[in-house]
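Trainee: Sharing a structure below in structure tokens format, with a few things to ask.
The values are calculated or read from the model by the stated rules, or taken from the named source; none is laboratory data. Everything numeric in this text was worked out from a predicted model, so none of it was measured. Here the Cβ positions follow ideal geometry from the backbone for every residue, glycine too, while neighbour counts run over all protein chains shown. Protein only, heavy atoms only, side chains kept; ligands, DNA and RNA dropped before computing areas. Shrake-Rupley method; radii C 1.70, N 1.55, O 1.52, S 1.80 Å.
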Amino acid sequence: MKKFQQDNHGIWDLTKEGLQEIEKYETIYTNDTKPISSKEREWGSWDIAALWIGIMVSIPVYMLASGLIASGMNWWQSISVIVLGHTIVIIPATLLGHSGTKYGISYPLVSKLIFGPKGNIFPTMVRAFLGCFWFGIQCWIGGMAVDSMISAIIPAWIQINGHLFVCYGIFLLLNVYIGYTGSKAVKYMESYAAPVLIIMGLAVIIWAYRVSGGFGKLLTHSVAQGGKNNFWKLFFPSLTAMIAFDGTIALNISDFTRHAKTQKAQISGQFIGAPVMTVFIVFVGICGTVASAISFGSPIWNPAELVSKFKNPLIVILFSIFIILATLTTNVAANLVPPGIIFSNLFAKFLTYKKAIIIVGFLAIVAQPWKVLENPNNYIYEVNGALATFLGPMAGIYLASYWLEYKSNIELVDLYRIDGGKYYYDKGVNKIAIISLFLITLFLYFGKFSDSFYKIFYENSYVLGLLIGMFVYILLIKIFNKNNSIGG
């Protein structure tokens with residue numbers, strides 16, 4: 001192995017001999033899929049933190065707080081659940097991000113390591129389609145902000161049939177353009193947008209403070225106090241939904257940590273960026289929702305809709321820009337780039353990364369996001385709750401394989417091969433991983449329809465799924481041996 005790859009201060013690079021060895025086999029090695037070498041790394045702690053700032057300071061996170069309050073929690077309960085969920089998910093994110101930094105490889109290759117070149121198609125395609133789904137949702141939110149901004153400048157705009165769909169298309173194309181340009185464009189966008197997003201978020205807090213007459217009145221308002229639902233009844237399904245919200249980006253975090261200069265940079269950047277900024281944007285969301293009730297008579301949980309209520313064109317334009325920036329920084333990094341990388345890796349012979357990005361844009365339209373955003377309960381509990389039953393077990397299997405089965409030691413030449421090698425398993429499929437994922441996901445999901453103790457598995461499906469996934473996978477490996485010869 002040392003002949004084909006070498007250790008450069010914790011980062012393993014392919015050697016000339018390694019590159020020559022890869023040419024002997026049928027592989028997925030291309031300019032889009034090749035590992036990023038130690039000399040090419042540009043991201044430090046701030047860049048990783050800025051990535052999470054861009055992801056956290058987003059309209060969907062803003063809407064999570066409003067949605068939990070609408071479900072019956074008060075303001076501090078909402079903050080506690082959301083911050084706890086987003087902090088918990090950083091633990092698997094840093095552990096999964098280790099492979100990206102150590103070897104410079106993207107998520108599809110990490111997944112190929114575990115599921116095999118053929119078995120990898122199912123889990124990565126599911127992740128890719130989830131990305132397309134979320135990409136469409138965020139493009140719709142951003143399109144609403146574009147619509148509000150144009151309407152403030154040209155009042156007659158709202159009289160045009162289909163004006164909102166036109167703005168949706170404009171915003172979608174803007175996202176696709178940035179994603180199409182590549183990782184450097186994403187890095188610059190995140191780094192420069194982060195301070196602007198923080199300043200604009202502070203402006204929302206100040207507005208809410210002035211409208212309500214102080215934080216005391218703001219936080220004791222009936223909207224901030226939520227309903228009378230039992231907190232503990234809501235706690236576990238809400239926590240699972242919060243974890244699942246970032247569970248997708250945690251899975252493919254190696255797409256970004258592969259740019260990190262050191263492990264310290266990716267770990268510190270993630271733990272600084274995510275929890276701190278989650279507290280901030282959640283509080284912004286609470287302030288905005290309560291202040292909207294005071295100013296306009298009823299709480300408005302969608303900030304794009306809230307902006308449209310203001311009569312001052314300057315305010316509408318400024319805060320529409322805030323929504324557009326917040327949505328862009330999250331959407332490109334978390335929802336557009338990952339499926340683009342997946343499609344270009346799985347179908348490397350037919351698709352380049354840039355072509356894959358265009359396909360993601362098309363699939364986002366097919367997802368019809370305007371229907372999902374009609375109800376906050378659908379957004380929080382139905383969508384995120386179901387996702388957790390898949391994301392938790394998958395994360396557990398990844399962690400068990402990378403850290404316990406392979407001890408974080410990967411042979412890059414074999415990783416790129418699709419005609420055999422150490423990670424080819426049984427005819428290209430790691431049947432133990434596939435069977436584990438399928439059975440655990442079904443077990444967790446059917447808990448949704450139970451009124452007994454069994455339901456707790458669905459309500460805690462990410463955490464329990466992760467732990468069960470790790471245990472079951474390692475147990476089956478020991479039973480059926482490391483060659484994964486189930487049924488082979």
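Trainee: Among 341, 317, which is farther than 18 Å from residue 356 by Cα, open to solvent by 10 Å² or more (accessible area, probe 1.4 Å) and either without any contact (Cβ under 8 Å) to a residue 60 or more places away in the chain or in a helix (DSSP H, G or I) (or both)?
Mentor: Being farther than 18 Å from residue 356 by Cα, open to solvent by 10 Å² or more (accessible area, probe 1.4 Å) and either without any contact (Cβ under 8 Å) to a residue 60 or more places away in the chain or in a helix (DSSP H, G or I) (or both) holds for just one of 341, 317, which is 317.
Trainee: How about region 397-434: which of its residues are part of a helix (DSSP H, G or I) and either among the aromatic types (Phe, Trp, Tyr) or at positive phi (or both)?
Mentor: 398, 402, 403, 416
Trainee: For region 8-26, what are the residues that are within 30 Å of the chain's Cα centre (by Cα), surrounded by fewer than 20 Cβ atoms within 10 Å (Cβ to Cβ) and under 20 Å from residue 423 (Cβ atoms)?
Mentor: 13
Trainee: Please work out which one of (1) at pLDDT below 90; (2) open to solvent by 10 Å² or more (accessible area, probe 1.4 Å) is the condition residue 66 fails and give its number.
Mentor: Condition not satisfied by residue 66: (2).
Trainee: Going through region 257-286 one residue at a time, which ones are open to solvent by less than 10 Å² (accessible area, probe 1.4 Å) and modelled with pLDDT of 90 or more?
Mentor: Within region 257-286, 257, 260, 265, 266, 269, 270 meet the criteria.
Trainee: Next question, about the same structure. Among what's in region 409-428 and is open to solvent by less than 40 Å² (accessible area, probe 1.4 Å) and among the hydrophobic types (A, V, I, L, M, F, W, C), pick the residue that is farthest from residue 346 (Cα to Cα).
Mentor: Selected residue: 410.
Trainee: Now a separate question. Within region 439-451, identify whether any single residue is open to solvent by less than 70 Å² (accessible area, probe 1.4 Å), assigned to a loop (DSSP other than H, G, I, E, B) and at pLDDT below 95, and answer yes or no.
Mentor: Yes: one or more hits.
Trainee: I'm trying to understand the selection: among the residues of region 194-221, which are free of Cβ contacts under 8 Å to residues at least 60 places away in the same chain and either touching an Asp or Glu at 6+ places or on another chain (Cβ under 9 Å) or more than 28 Å from residue 46 (Cα to Cα) (or both)?
Mentor: 210, 213, 214, 215, 216, 217, 220
Trainee: Okay, next question. Report whether or not residue 91 is open to solvent by 10 Å² or more (accessible area, probe 1.4 Å) and of a type in the set (Val, Ile, Thr).
Mentor: When the stated conditions are applied, residue 91 passes them.
Trainee: Being under 21 Å from the mean Cα position of the chain (by Cα) and at pLDDT 90 or above is the filter; apply it to region 452-469 and report the residue that is surrounded by the most Cβ atoms within 10 Å (Cβ to Cβ).
Mentor: 465
Trainee: Any chance you could count how many residues in region 145-168 are within 18 Å of residue 306 (Cβ to Cβ) and open to solvent by 60 Å² or more (accessible area, probe 1.4 Å)?
Mentor: Within region 145-168, the subset within 18 Å of residue 306 (Cβ to Cβ) is 145-152, 158, 164, 167.
From what is left, the residues that are open to solvent by 60 Å² or more (accessible area, probe 1.4 Å) are 158.
Counting residues in region 145-168 that are within 18 Å of residue 306 (Cβ to Cβ) and open to solvent by 60 Å² or more (accessible area, probe 1.4 Å) gives 1.
Trainee: Tell me the residue from 338, 275, 303 that is touching a helix residue (DSSP H, G or I) at 6+ places or on another chain (Cβ under 7 Å) and closer than 21 Å to residue 208 by Cα, please. Working first, answer last.
Mentor: Details: 338 fails: closer than 21 Å to residue 208 by Cα; 275 fails: closer than 21 Å to residue 208 by Cα.
None of the other options fit; the residue is 303.
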